[in-house]
Amino acid sequence: MISGDGKSYYWLRIMARIFVLPQDRSVRLIVYRQNIDAEKSRESLLSAQARLDPLTGLYNKTVTENLIGEALTSGAAGDCRYAFFILDVDNFKLVNDDFGHAVGDMVLREFSAELKRQFREKDIVGRIGGDEFAAFLLAPDRDWVEKKARALSSALRKSFRSDAGDFSISASIGIALAPEDGTDFAALYKNADAALYQTKKRGDRKSTRLNS
């Protein structure tokens, strides 16, 4: 229902009962209106929470996979090219071991916040594992993807200060392109993960899986 200012609205539940007066057989209607705005707000919050990773606020693994699948299906007809990024925090286990899980969680939150800042609202960014993240977006060409990977690598290099000491993190990145490297989530993930492995093996922090 539209509120008095004509700009906002609130939810109403309307219940009606029709009955016939025995005296004159006339039909009457009783209407009961209940403001359920708070109830709807709780439902919206629960729905959003079911889609998001509780620690980072990014899409969770299931939603990330589903959204990417939907984008690939809808984009196939338009001959679209996409970039699929897998990113993880280098030596994250050492952060947990040396500084504790509370610091590790803080690192993941900061990493996620920076990762989200590097993409647009319409891009798909999610947490798909402990310290593993995915991003999926339209890509104009391969040169643009390589440039984006370099920018991400730079932006995700962070320094932290904790009670237990100072430390730095960096990210490794593996990339696959659609449709060249696959037209579904599983194929893109497999190729991007292979590129990520090569990234870590070479120590160059980024690698793009490209067909020759």
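For region 172-212, a tally of residues being at pLDDT 95 or above and either in contact with a Pro (Cβ under 8 Å, 6 or more places away or on another chain) or more than 27 Å from residue 70 (Cα to Cα) (or both) returns 0. For region 120-137, a residue qualifies if it is more than 11 Å from residue 56 (Cβ to Cβ) and among the acidic types (Asp, Glu), and the qualifying residues are 121, 123, 132.
Quick one: in region 114-140, of everything that is in contact (Cβ under 8 Å) with a residue 40 or more places away in the chain and part of a helix (DSSP H, G or I), which residue is surrounded by the most Cβ atoms within 10 Å (Cβ to Cβ)? I'd like the intermediate steps shown before the answer.
Taking region 114-140 as the starting set, the residues that turn out to be in contact (Cβ under 8 Å) with a residue 40 or more places away in the chain are 114-116, 124-129, 131-140.
Cutting the leftovers down to part of a helix (DSSP H, G or I) gives us 114-116.
Numbers: 114: 15, 115: 23, 116: 17.
So the residue we want is 115.
Counting residues in region 154-169 that are closer than 22 Å to residue 67 by Cα and not basic (Lys, Arg) gives zero.
Check 98, 105, 143 and return the single one that is open to solvent by 30 Å² or more (accessible area, probe 1.4 Å), touching a residue at least 60 places away in the same chain (Cβ under 8 Å) and in a helix (DSSP H, G or I).
Values: 105 fails: touching a residue at least 60 places away in the same chain (Cβ under 8 Å); 143 fails: touching a residue at least 60 places away in the same chain (Cβ under 8 Å).
That would be 98, the only listed residue that is open to solvent by 30 Å² or more (accessible area, probe 1.4 Å), touching a residue at least 60 places away in the same chain (Cβ under 8 Å) and in a helix (DSSP H, G or I).
Kindly check whether there is at least one residue in region 25-39 that is at pLDDT 85 or above, among the β-branched types (Val, Ile, Thr) and open to solvent by less than 60 Å² (accessible area, probe 1.4 Å). No. The residue that is modelled with the lowest pLDDT, counting only those in region 61-95 that are in a loop (DSSP other than H, G, I, E, B) and farther than 27 Å from residue 198 by Cβ, is 77.
Against the condition at pLDDT below 70 and surrounded by 10 or more Cβ atoms within 10 Å (Cβ to Cβ), how does residue 13 come out, does it pass?
Considered against the rule, which asks whether it is at pLDDT below 70 and surrounded by 10 or more Cβ atoms within 10 Å (Cβ to Cβ), residue 13 comes out as no.
For residues in region 156-197 being part of a helix (DSSP H, G or I) and of a type in the set (Ser, Thr, Tyr), which is surrounded by the most Cβ atoms within 10 Å (Cβ to Cβ)?
Of all residues in region 156-197, those part of a helix (DSSP H, G or I) come to 185-197.
Within this subset, residues satisfying the condition of being of a type in the set (Ser, Thr, Tyr) are 189, 197.
Working: 189: 19, 197: 13.
The residue in question is 189.
The values are calculated or read from the model by the stated rules, or taken from the named source; none is laboratory data. Quick caveat: nothing in here was measured; it's all calculated off a predicted structure. So basically every Cβ, Gly included, is an ideal-geometry build from the backbone, and we count neighbours across all protein chains shown. The area values use the complete protein model at the heavy-atom level, side chains included, leaving out ligands, DNA and RNA. Shrake-Rupley method; radii C 1.70, N 1.55, O 1.52, S 1.80 Å.
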